[in-house]
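Please treat every number below as a calculation from the coordinates, not as lab data. Please read these numbers as outputs of a predicted model, since none were measured by experiment. For neighbour counting, all protein chains shown are included, and Cβ atoms are generated from backbone atoms with ideal geometry for every residue, glycine included.
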Amino acid sequence: MGEILEIKKYAKENHVPIMQDAGIDFLCDYIEKHGVKRILEIGTAIGYSAIRFALISHEIKVVTIEREEELYQKAKMNIQKMQLEDQIEVILGDALTVEVEGEYDLIFIDAAKSQYQKFFLKYCSALAKEGVIVTDNLSFHGMVENPELTHNRNTRQLIHKIQAYIEFLKNLEDYETTFYSIGDGVSVTKKKEGRG
Ligand SMILES: C[S@@+](CC[C@H](N)C(=O)[O-])C[C@H]1O[C@@H](n2cnc3c(N)ncnc32)[C@H](O)[C@@H]1O
């Protein structure tokens, strides 16, 4: 589809980070196979992943949050071009402070890596009983498994934050997480049976 390729091209040329092909294909497959209908996304960028999700089925509704005004405007434009305004709602604001209503089958965390745990804790109460929380970039270009790949102090700090988030997921009593080395590293977390 031409418009999707245009969005990907724009992202590449303007250094907007969007999901890698393997990661988005995995997630779209998951959404289709599990009949996911209500999606909450933290981190819209220019709307690429939200659009990919909405194109799976007319029944899918996406609420997505972006804090950068310019990206938010670009996302709104892309969504309008694709005539997906009825399916995708974009909220401009910091996901840590905005209030979002509703219950979701899938919550996709794809925003500031240093805040993953805070996003999880803020939004897990909005998860439907059989729902999942998906997190992207847990490999961070292979640096989480191999921190020696960088000597940059800020990058190292970010790697530690992601490692701590992975431990946090592993130690959650009420949830179980499966980690996939797909794309840039994806996790799928669901409530254990009989919890909540
Ligand atoms: C990796 S990009 C999202 C890519 C998008 N999901 C896709 O694959 O097309 C991450 C986005 O999250 C946004 N972001 C980071 N922290 C945020 C926050 N606290 N609240 C809302 N958006 C945030 C950034 O501005 C950036 O556009």
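Taking a straight Cα-Cα cut-off under 15 Å and skipping sequence neighbours fewer than 8 places away in the same chain, the aspartates and glutamates within cross-link reach of Lys129 are Glu103, Asp105, Asp174, Glu176, Glu193. Across the range 2-191, C-alpha contacts under 8 Å between residues 6 or more apart give a mean separation that, scaled by the residue count, equals a relative contact order of 20 percent. Per-residue ellipticity at 222 nm computed for the chain from its helices equals -11500 deg cm²/dmol, with DSSP H segments shorter than 4 residues left out and the rest contributing -39,500 (n - 2.57).
The ranking of Ile56, Ile159 from fewest to most other beta carbons within 10 Å of each one's beta carbon is Ile56, Ile159. As a calculated quantity, the FRET efficiency between Lys192 and Glu68 at R0 = 30 Å, using C-beta atoms, amounts to about 0.25.
A straight line joining the Cα centroids of the range 45-114 and the range 154-196 runs 22 Å.
Is the C-alpha gyration tensor of the chain telling us rounded, prolate or oblate? Criteria: a/c under 1.5 is rounded; beyond that, a/b larger than b/c is prolate, otherwise oblate. Cα axes put the chain in the oblate bin. Across the range 35-44, computed HN-Hα scalar couplings (Karplus, 6.51 cos²θ - 1.76 cosθ + 1.60, θ = phi - 60°) run x, 5, 10, 10, 10, 10, 10, 9, x, 7 Hz from first to last residue, x flagging Gly and Pro. The stretch between Ile182 and Asp21 holds 57.0 nm of extra length on full extension. This uses 0.36 nm per residue minus the Cα-Cα distance. Which of Lys61/Lys170; Lys122/Lys191; Lys9/Lys122 have a Cα-Cα distance over 24 Å? Over 24 Å Cα-Cα: Lys61/Lys170; Lys9/Lys122. Which shape class, rounded, prolate or oblate, goes with the range 54-122 when its Cα gyration tensor gives a ≥ b ≥ c as root eigenvalues, a/c under 1.5 marks rounded, and past that a/b bigger than b/c marks prolate? In terms of gyration-tensor shape, oblate.
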